[in-house]
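Quick notes on the structure that follows.
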2 protein chains.
Amino acid sequence: MLKVLFLPDQKDFEVENGTTIMEAAQKAGVYINSLCGGNGVCGRCKVQVSGGMVLADKDSISLLSKDEIKEGYVLACQARIDRDMEIIIPPESRLEEQQIMMGEGVMDYSKPERLLVPKVPADPLTFFDPISKKIYLELQPPAAGDNISDADRIIRELRKKTDYQDFDISLHCLQGMAMKLRDNEWKVTVTIRRNNDSWLISQIEAGDTHDRNYGLAVDIGTTTVVVQLINMNTGNVEGVAGSYNLQAHYGEDVISRMIFACGVEQGLDPLHRAIIKNINNLIEILTSKKGIDKEQITAIVAAGNTTMSHLFLSLTPCSIRLDPYVPTASIFPQIEPRDLGININSKGILETIPAVASYVGGDIVAGVIACGIADHTETKALIDVGTNGEIVIGNNDWMVCCSASAGPAFEGGGIRNGMRATRGAIERIKIEDNKLTYRTIGGSKPRGICGSGLIDCIYAFVTNGIIDNDGKFKTSSKNKRIIERDDERQFIVVYSQDTETGKDLTITESDIANIIRSKGAVFAAIKSLADYVGMKFRDIDTFFVAGGFGSYLNIPKAIAIGLLPDIDPKKIQFIGNSSLMGARMALLSTHALERTTKIASMMTNIELSTYLPFMDEYVAALFLPHTDRRLFPSVEYW
Amino acid sequence: MLKVLFLPDQKDFEVENGTTIMEAAQKAGVYINSLCGGNGVCGRCKVQVSGGMVLADKDSISLLSKDEIKEGYVLACQARIDRDMEIIIPPESRLEEQQIMMGEGVMDYSKPERLLVPKVPADPLTFFDPISKKIYLELQPPAAGDNISDADRIIRELRKKTDYQDFDISLHCLQGMAMKLRDNEWKVTVTIRRNNDSWLISQIEAGDTHDRNYGLAVDIGTTTVVVQLINMNTGNVEGVAGSYNLQAHYGEDVISRMIFACGVEQGLDPLHRAIIKNINNLIEILTSKKGIDKEQITAIVAAGNTTMSHLFLSLTPCSIRLDPYVPTASIFPQIEPRDLGININSKGILETIPAVASYVGGDIVAGVIACGIADHTETKALIDVGTNGEIVIGNNDWMVCCSASAGPAFEGGGIRNGMRATRGAIERIKIEDNKLTYRTIGGSKPRGICGSGLIDCIYAFVTNGIIDNDGKFKTSSKNKRIIERDDERQFIVVYSQDTETGKDLTITESDIANIIRSKGAVFAAIKSLADYVGMKFRDIDTFFVAGGFGSYLNIPKAIAIGLLPDIDPKKIQFIGNSSLMGARMALLSTHALERTTKIASMMTNIELSTYLPFMDEYVAALFLPHTDRRLFPSVEYW
């Protein structure tokens, strides 16, 4: 065994000779970036070996510059550990946990308890009733007056121990069951899993193993994949692990991945395999960290947008992209994890949260579950802003939803110095008394500006009279930071001497136009949806903002630039990774899981591309904060 | 290709060089006996090659006498065809179709029609609603105002074309479905199969294939296995094939097979594989004869006694045999045929009719369905006599049942010259004016006496004053045929010069005692059951007699010896292979299939081994016709 010390984490770990640095890091719980899934082709996992002593073959240095090679850089996925070593993971190769929405411990389940019937209507949060349970049984041995079949004996006892009546039993369980019961003095633990309206007995173990039952809640994001390991007896989160979606190798966003899947011969396969590998890697990390046998994981609930769900299940996503935007399925069958090659108990259950339409997916339905929108009479709204902005408005009686193409601006895409919210990204900017201050993620030298920083910028520009309400730099402004460069007017946020790249960090007029288009699309979608159901914003009881971008948002500024409607900021709640939260709720509440299908079918999807009022709203929203002053009465810079 | 002519059938057939004679016979639809499944160890398949020219290696003659070898006999399963030849199948190697209950065309389904709801209570016969259907769909392509998912589009059309609302769709179907729909102009045929309370879309084929849908009804008897090929669109029987149960190699009856399965290391496997091979062989025969692709068979319903069902599904039968007689399961899960290695469409459905208890199996439940016992207010009875006699009495409100160990006498077992009802068996015997006449099956020289012949014998003996009411030869009888041989009194039925074996065919006093014990057990079971529910025999509306033995029975004689109760013979109906008939009904009527579970749970099983009144009834029945004269008022020889 060789000793490895990861810096700057100061985590040390022992590995076998020949282990790759990437594998060692995964086992040690140190996150290293990777897009290509360890194939040595994306170059994102470069690390520095302290002292430069490593088995550096051609593959491990193929994508590096001569200087980097001299300094001891290698690709973590290719270089193998052959001696004790210290490994420095540079900021650009770090996969920051903080930037992946791992979900919060928001849910508060009561102790495991019998299910109360009738179940509806009520808050699914109150039902602790996992979709896969292990129940320890001490059976009465058969006797002359009691000679029902072994299967009926088990079912009879389950009826006593639970409030359920309907049980089926798999052929696999029946085979060999007679011996198992008799060899273990009729003391066994049965795993039951929800299957349509009944429970399927899917596994029988000798003795009492009921305390070893885990489940996984999985959020399959376009950018990141997060897996929570849940104790199915308590509902507690035992661990959480996230990584970038390995599919990024085949395209950064949903559209480009669809193009890959549909344009290349057998293009679906690598995308499907990438996400399965992603999830298996995260399962490996979680279980090895906790010393849990993967066989003890008996259930998975996955949530993702419609395209991600298709790729996850190996369904062709091609028609999702093309007018009239038709998915293969919106409700997904219950399957066994082995059907997809996922490494947990092969007799487990795998549920994929249903979608509403091609651009309102299971992640949003999970969000609706997490926010309890369908469980209350008050009207609430959910907004999830990423490349697409998905919006839901509704209550326990009705729900409408839509998806607006916001563009990648909020994730730093299409912005000259934009970047994702990772280390070195400027996340806060203020201009007060003509003095510009900023804060970067991780406190390091700025490398670019992320979504929340961009919103701050626009707010600072418009309130300081640097730009006009249409987003153009005021010709009257005498601000020294406004320059003309490369035929475009731009604002220097950080001068070259303070940046990591050594170049000025600027925001151009077309960057500003992009952001205004993005915020305009989102606002127009919210407004169209509210108008569609004849509601004013003030009639909406709570406004949930989900997703990574939302969590770093400054609400008053988001209102001030016209991204969010001008309502009482107290009505706005950040909910974090609501997709993951909803997946966990479905895992722990059969009622919640079964509600997802009902909820998905309740949600009326408004296809904005063919909904004429949307275009007018969009044009009206391409202004700071909006063309219609009455919509933003509290905004004072107007 | 080589030409083969099978004699005496005069069936000719072309086969490839190297084909075994057995394979050729199966393909030609000529039945040759086999117990060992073609392993060359049972010697039952010997055939004579006309002219004696055959590739006769050691294996093909290993079990034959020198004389047989000289005469050109070989084992059909070992000898390979290497030239044109004529093959004579001797009587003892013929598997007579007539001796395997192939089921009758009793059912009369109306043309395929929509299911009428509500469905219960009514005769399942009237519902033509196969458990697996192919439905051709011409879908509207998606459009801007109609962009539901492909799966929802299919389900919407299915809802229009059927009266069902609930559909699920398998992951397998969803994968690749988008292309299949678009490549075929939205014209596809979907296979739906019953799955709990909904229908599962299990297969999608391009174009219109709905007319190519078949199902199999399977009767797994301890002695014989019969498969009916059913057209699922019309309900018509397209073909039927039967063979001896290959498990016979491991034991003739249920008990000895259980002993093998439980006493030998991995003993269950060969028994399981034998029955699967049996069924696959019969499927091969049926499909090749009709030129049907096995992929077009989408459903199987199998019925058998509890032990046979266990061996079929590879479930340990060990505790069935031991007090308190507990099976692993009485309700069996729906599975896919490939789970058992059965060669039909891998996405098909396989249902096994549920059992009531260890000795009242799915064959009896199928019989109850076939006789409509649970569908009428009048009380009816079903009796199935084999090694066990199973009896059901009941109506749509209640049913009781039991199983009595009748012993193998009725199947020719335990009788010195007893044999099964195959060619050469004496099936009819009369003694009139001191003259004995008989008839053999197939009209050939007698080889032994089968069940119906034995009943005739007892009747002839008792009515001619040859035996007493206790079954002993009357010392007063001067009949020349009564002799003392091997320390036992016996009656010569056929003298040596007229038998095939060249030896006298006799019936001994202990043979008679065996038959009386068998008939006594059956009658005592019927009587106990009727008493249990407080009914007189005359209150029973119809008395169905099922099974191979029943069909050859002379009713008045069966009453006269006290096997069947003394009721109006018009109330007694032979129903043939009611197990197969019930399986076919369940295949063609979802309602009937779903009724089987209800019926099995309605049937109260009386365990005769612990039911005290039975023993008294049994002792009272060991007399011709019975100790209690009042029970047989019409029997005149008394």
> Over chain B, what is the relative contact order in whole percent, taking alpha-carbon pairs under 8 Å and six or more residues apart?
Replying inline: 12 percent
> aspartates and glutamates near A:LYS3 by alpha-carbon distance under 20 Å, same-chain residues fewer than 8 away left out - which ones?
Replying inline: A:ASP12, A:GLU14, A:GLU16, A:GLU23, A:ASP82, A:ASP84, A:GLU86
> Which whole number gives the average, over all residues in B:144-157, of C-beta atoms from other chains lying within 10 Å of the residue C-beta?
Replying inline: 5
> Cα to Cα, under 16 Å, and not fewer than 8 places away if on the same chain: which aspartates and glutamates meet these conditions relative to A:LYS474?
Replying inline: A:GLU484, A:GLU488, A:GLU509, A:ASP511
>> How large is log10 of I(q)/I(0) for the range B:374-511 at q = 0.10, 0.13, 0.14, 0.18 Å⁻¹ when the intensity is taken from the Debye formula with one equal scatterer per alpha-carbon?
In response: -0.42, -0.63, -0.70, -0.99
> Tell me, what is the per residue accessible area of the range A:407-457 in Å², probe radius 1.4 Å?
Replying inline: 41 Å²
> Counting partner chain Cβ atoms within 10 Å of every residue's Cβ in A:318-326, what's the average?
Replying inline: 5
> By how many degrees, between 0 and 90 and to the nearest 10, does the Cα long axis of helix A:254-263 differ from the longest principal axis of chain A?
Replying inline: 70 degrees
> In chain B, which residue puts its Cβ closest to the axis that turns chain B onto chain A, and how many whole Å away is it?
Replying inline: B:ASN196, 3
> To the nearest 10 degrees, how steep is helix B:268-290 against the longest Cα principal axis of chain B, on a 0 to 90 scale?
Replying inline: 70 degrees
>> Taking just the alpha carbons, could you work out the radius of gyration and Dmax for chain A, both in angstroms?
In response: 26.7, 100
> Among rounded, prolate and oblate, which fits the range A:432-485 when a ≥ b ≥ c are the square roots of the eigenvalues of its C-alpha gyration tensor, a/c under 1.5 means rounded, and a/b larger than b/c means prolate?
Replying inline: prolate
> Using every alpha carbon pair in the range B:549-621, what percent of pairs falls into each 5 Å bin from 0 up to the bin containing the largest distance?
Replying inline: 3, 12, 13, 13, 16, 21, 14, 6, 1
> In debye to the nearest 20, how big a dipole does the protein assembly as shown give about its Cα centre with +1 on each Lys and Arg Cβ and -1 on each Asp and Glu Cβ?
Replying inline: 160 debye
> Dividing the convex hull volume of the Cα atoms of the range B:366-414 by its residue count, what figure in Å³ per residue is obtained?
Replying inline: 59 Å³
> From the backbone phi of the range B:229-241, what are the Karplus-calculated ³J(HN,Hα) couplings (6.51 cos²θ - 1.76 cosθ + 1.60, θ = phi - 60°) in whole Hz, Gly and Pro given as x?
Replying inline: 9, 10, 7, 6, 8, 10, x, 5, 7, 8, x, 8, 9
> If the viscosity is 1.002 mPa s and the temperature 20 °C, what Stokes-Einstein diffusion coefficient in µm²/s follows for the range A:443-569 when Rh is the Kirkwood radius over Cα pairs?
Replying inline: 132 µm²/s
> Under 16 Å from the Cα of A:LYS380, which aspartates and glutamates turn up, not counting those fewer than eight places away in the same chain?
Replying inline: A:ASP123, A:GLU390, A:ASP397, A:ASP531, A:ASP539, A:ASP541, A:ASP566, A:ASP568
> How many percent of DSSP beta bridges within the range A:138-215 run antiparallel, rounded to 5?
Replying inline: 75 percent
>> Sequence gap at least 6, Cα distance under 8 Å: using those rules, report the relative contact order of the range B:250-386 to the nearest whole percent.
In response: 23 percent
> Which of the chymotrypsin sites (Phe, Trp or Tyr not before Pro) found in the range B:495-559 are in a DSSP loop and have at most 14 neighbouring Cβ atoms, other than their own, within 10 Å?
Replying inline: B:TYR495
> Sorted from shortest, what are the nm distances separating the label point of B:LYS570 from equivalent points in the other copies, each placed 7 Å from Cα along Cα to C-beta?
Replying inline: 9.1
> Expressed in whole Å with the largest first, what are the equivalent ellipsoid semi-axes of the range B:234-288 derived from the C-alpha gyration tensor as the square root of 5 times each eigenvalue?
Replying inline: 28, 11, 9
> Applying the Karplus parametrisation 6.51 cos²θ - 1.76 cosθ + 1.60 with θ = phi - 60° to the phi angles of the range A:364-372, what ³J(HN,Hα) value in whole Hz is obtained for each residue in order, glycine and proline being reported as x?
Replying inline: 6, 4, 4, x, 4, 4, 5, 7, x
> In percent, how large is the relative contact order of the range A:344-503, given Cα pairs closer than 8 Å and 6 or more residues apart?
Replying inline: 12 percent
> If you take all C-alpha pairs in the range B:181-314, what percent of them are over 23 Å apart?
Replying inline: 45 percent
>> 7 Å along Cα→Cβ for the label point: how many nanometres lie between A:ASN396 and each equivalent label in the other copies, listed shortest first?
In response: 4.2
>> Could you tell me the center-to-center distance, by alpha carbons, between the range A:475-495 and the range B:1-21 in angstrom?
In response: 96 Å
> What does the convex hull of the Cα atoms of the protein assembly as shown come to per residue, in Å³, rounded to a whole number?
Replying inline: 209 Å³
> Just how many % of Cα pairs in the range B:292-423 lie over 21 Å apart, if you round to the nearest whole percent?
Replying inline: 53 percent
>> Sorting check: for B:317-325, A:323-331, which peptide has the highest mean count of neighbouring beta carbons within 10 Å, and how do the rest follow?
In response: A:323-331, B:317-325
> Over all distinct Cα pairs, what is the inverse of the mean 1/r for the range B:145-258, reported as the Kirkwood hydrodynamic radius in Å?
Replying inline: 17.2 Å
>> Give the A-B buried accessible area in Å², both sides summed, 1.4 Å probe, nearest 100.
In response: 2900 Å²
> Can you give the Rg and Dmax of the range B:279-341 based on its C-alpha atoms, in angstrom?
Replying inline: 14.9, 48
>> Between 0 and 90 degrees, rounded to the nearest ten: what's the tilt of helix B:451-463 against the longest Cα principal axis of chain B?
In response: 30 degrees
>> Can you give me the long-range amide H partners of B:LEU2? Hydrogens built in the peptide plane at 1.01 Å from N, cutoff under 5 Å, separation of 5 or more residues or another chain.
In response: B:VAL15, B:GLU16, B:ASN17
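The values are calculated or read from the model by the stated rules, or taken from the named source; none is laboratory data. Quantities reported herein were computed from a predicted structural model and do not represent experimental measurements. So basically every Cβ, Gly included, is an ideal-geometry build from the backbone, and we count neighbours across all protein chains shown. These area figures cover heavy atoms from the full protein model, side chains too; ligands, DNA and RNA do not enter into them. Shrake-Rupley method; radii C 1.70, N 1.55, O 1.52, S 1.80 Å.
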